[in-house]
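Asks: Before we start, here is the structure in question, set down as structure tokens.
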Amino acid sequence: QVQLVESGGGLVQPGGSLRLSCAASGIMFSIYTMGWYRQAQGKQRELVAIISGGRTNYADSVKGRFTISRDNPENTVYLQMNSLKPEDTAVYYCNAYSSSRNSNYWGQGTQVTVSS
């Protein structure tokens, strides 16, 4: 049974920081591309950042502010979010994707609210 469990969301003031975590189980974590996506109210889900092996890719809107990293022995992927803006407010979802396994999994999401 595959599980992706996000944590670390919450309410933060503009300019603040949060660190999201996603703990994976039931998959061979190291072979998966791990990603963070977000969905703001009334908008489509969008890519925030992905990490595959040692390579990372970010949405233009978060470059220089967010950092994705992974700990393969701990089966965990992180998203460090700094200099948060109100427009970063969304539900953040963890994603695990493997083309070789033809598999794509999602977590349940964690709410991030940036407001004064």
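The values are calculated or read from the model by the stated rules, or taken from the named source; none is laboratory data. None of these values were measured; they are calculated from a predicted model. We place every Cβ from the backbone using ideal geometry, glycine too, and count neighbours over all the protein chains shown. Protein only, heavy atoms only, side chains kept; ligands, DNA and RNA dropped before computing areas. Shrake-Rupley method; radii C 1.70, N 1.55, O 1.52, S 1.80 Å.
Asks: Which percentage, to the nearest 5, of the DSSP beta bridges contained in the chain is antiparallel?
Replies: Antiparallel: roughly 95 percent of the beta bridges in the chain.
Asks: Restricting to DSSP loop positions (anything but H, G, I, E, B) with no more than 12 other Cβ atoms inside 10 Å of their own Cβ, which trypsin sites (Lys or Arg not before Pro) remain in segment 48-96? Before the final figure, lay out each step's value.
Replies: Working: sites: 55, 63, 65, 70; in loops: 63, 65.
Of the trypsin sites (Lys or Arg not before Pro), the ones in loops of segment 48-96 whose Cβ has at most 12 other Cβ atoms within 10 Å are 63.
Asks: Still on this structure, I have one more. Using only the heavy atoms of the protein chains and a 1.4 Å probe, how would 11, 84 rank by accessible area, largest first? Provide the component values of the computation, followed by the final result.
Replies: Values: 11 130, 84 5 Å².
Sorted by accessible area, descending: 11, 84.
Asks: Accessible area, 1.4 Å probe, largest first: how do 60, 88 sort?
Replies: The ordering from most to least exposed comes out as 60, 88.
Asks: Considering the zone a paramagnetic label at residue 105 would reach in this model (a point 7 Å from Cα along the Cα-to-Cβ line), which residues of segment 10-25 have amide N under 14 Å from it?
Replies: Inside the label zone: 22-25.
Asks: Determine the gain in length on full extension of the stretch residue 85-residue 5; use 0.36 nm per residue of separation and subtract their C-alpha separation, reporting nm with one decimal.
Replies: Values: separation 80, 0.36 × 80 = 28.80 nm, distance 2.44 nm.
Length gained between residue 85 and residue 5: 26.4 nm.
Asks: Given a Förster distance of 30 Å, report the FRET efficiency between residue 113 and residue 30 from their Cβ-Cβ distance, rounded to the nearest 0.05. Please list the in-between numbers first.
Replies: Details: r = 33 Å, r/R0 = 1.09.
Using R0 = 30 Å, I get an efficiency of 0.40.
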